[in-house]
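Everything below concerns the one structure shown next.
The values are calculated or read from the model by the stated rules, or taken from the named source; none is laboratory data. Since this is a predicted model, take the numbers as computed values, not measurements. Virtual Cβ from ideal backbone geometry, glycine too; neighbours counted across all protein chains shown. Ligands, DNA and RNA are excluded from the accessible area calculation, which covers all protein heavy atoms including side chains. Shrake-Rupley method; radii C 1.70, N 1.55, O 1.52, S 1.80 Å.
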Amino acid sequence: MSTKQSKSLTIITIIAMMFLYAMISFVTNLAAPVGKIWGESFTDPAQAERMGMLGNLFNFLAYLIMGIPAGNILAKYGYKKTSLAAIVLGFIGIGVQWLSGVADSFAVYLCGALLGGFCVCMLNTVTNPMLNLLGGGGNKGNQLNLIGGTINSLSAALTPMLVGALVGESLVGKEIDDVNVVLYIAMAVFVLIFVILWLTPIAEPAGAGQQITYERSPWAFRHLRLGVVAIFLYVGVEIGIPATLISYLSKGGGSGYDDATFIAGLYWLLMLIGRSIGSVIGGKVSSRAMVICVSVTAIMLMTAAMLLGGDVQVAMPTNWSFEVEQVPVAALFIVLCGLCTSVMWGSIFNMATEGLGKYTAKASGIFMMMVFGGGVIPWIQSAVAGHHYLLSYIVPTLCVAYILCYALWGSKNVNTDIKVD
């Protein structure tokens, strides 16, 4: 293959990975707003809050179950086949969620959320190492992941806003049938991407789909072990911050559900902006430096939100017309956290897998397993939020404190004696 053909194939592969990045956030960010519709069927407010996040918990439970198998599938069958299998699972998962409305069954919905989780787990296992490898590792690999993260954030911002627009001001009396349009869109996109990937020649990395001999376990690397804890906590922070914000504003902050979901969507929009900035500077600024900076800022913002409470008001856009209304200033501080969490995912992954060589695929599976934190941490936060919404932000604040410590001290590869080629 000529150099020109190889470069063209690499570009096509990168574009395909970007499409997959968008679907990851689309499926993931359906869980919280759709789950809250089911949660309203429970009359006790605290129980409704917990049950509303149960779909999100099941969505991320899939990572715990599928994380390591996904890494093994990737190592054995390669990137393209793993991607196609994940897309099929995603289509089935969204279809089952639609059937839950027909059957009027919360249990069926949870099964659909679990299948959707299997899909995004496998897609995450593919996209992160693939883009890191295509970028040549290091800062350039992180830069490609940040660009993918930008597209991921755009999809993430639009999903809750779209659900909120369909539901309206209140969740009372709403059913999953009211957001069927979103489910139809998701299934149609899965079909489209399946066809595109089926016809697209994916540039598999050297050794993909071949038998590889592993002298050691990926767990032998200390910076990976500490990194999977960091990602467990980070994904919980990323999901829990906007999910609890929706509850706070719609139930305790004086906003309608549609306004609350729009404001939460601004959090994801700021993640998009943050990742766009990160993708520009990612080739020059180290992952470690970025994580240290944003972690300190996030801790300050969430602390300010908890201390100021809802007493101080600030003007913010609350709908698609960008009409400005008064909301608690705590909402502004929480939304601004999107700028901080924006660069954490790719940067933590980059730090945790740097220097792993042939162990990268298996390590990615372990890494994906720990994304289960995206279900556990928000569920813990929702349990606290059932009694006090703003105080619940102590949970993500403590998580970010660990991430800061990881960037400062735990991310260095101290196992360079292990052969990785």
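Assorted remarks:
- GNM top mover of LYS81, LYS284, LYS358 - the chain, alpha-carbon springs below 10 Å: LYS284
- Here the gap between ILE15 and GLN326, fully extended at 0.36 nm per residue and compared with their Cα-Cα distance, gives a gain of 107.9 nm.
- Each residue of the stretch 315-324 was assigned a 3J(HN,Hα) from its phi angle through the Karplus curve 6.51 cos²θ - 1.76 cosθ + 1.60 (θ = phi - 60°); the sequence is 7, 9, x, 10, 7, 5, 7, 6, 6, 8 Hz, with glycine and proline shown as x.
- Taking amide H positions as modeled 1.01 Å from N, with prolines and chain starts lacking one, the residues under 5 Å from GLN313 and 5 or more places away or on another chain are VAL329.
- Placing +1 on the Cβ of every Lys and Arg and -1 on the Cβ of every Asp and Glu, with no other charges, gives the chain a dipole of roughly 1860 debye about its Cα centre.
- For the stretch 296-421, a simple Cβ point-charge model (Lys and Arg +1, Asp and Glu -1, everything else neutral) yields a dipole of about 480 debye relative to the Cα centre.
- Prolate/oblate/rounded label for the stretch 245-384 (Cα gyration tensor, a/c 1.5): prolate
- Residue-by-residue Karplus 3J(HN,Hα) for the stretch 349-358, coefficients 6.51, -1.76, 1.60, Hz, glycine and proline x: 4, 5, 5, 6, 9, 4, x, 8, x, 5
- FRET efficiency, GLU215 to ASN72 (Cβ-Cβ, R0 22 Å, nearest 0.05): 0.80
- Phi angles of the stretch 378-387 translate, via the Karplus equation with coefficients 6.51, -1.76, 1.60 and θ = phi - 60°, into HN-Hα couplings of x, 5, 4, 4, 5, 5, 6, 5, x, 10 Hz per residue; Gly and Pro are given as x.
- For the chain, a Gaussian network of Cα nodes joined below 10 Å ranks GLY355, GLY93, GLY278 by mean-square fluctuation, and the top entry is GLY355.
- Built amide H within the under 5 Å cut-off of GLU325, gap 5+: MET316, THR318
- For GLY78, distant residues with modelled amide H under 5 Å away: GLY209
- Candidate values (i) 25.8; (ii) 35.0; (iii) 18.9, label of the one derived for mean projected area of the Cα convex hull in nm²: (iii)
- Heavy-atom accessible surface of the chain, averaged per residue, reaches 38 Å², computed with a 1.4 Å probe.
- Computed over the chain: relative contact order in percent, which uses C-alpha pairs under 8 Å that are six or more apart: 26
- Gaussian network model of the chain, springs between alpha carbon atoms under 10 Å - residue of GLN313, GLN381, GLN97 with greatest fluctuation: GLN313
- Per-residue packing, averaged as other Cβ atoms within 10 Å, sorts the ranges 224-233, 260-269, 317-326 into the order 260-269, 224-233, 317-326, beginning with the highest.
- Helical content alone sets the calculated 222 nm signal of the chain at -24500 deg cm²/dmol, taking -39,500 (n - 2.57) per DSSP H segment of four or more residues and averaging over every residue.
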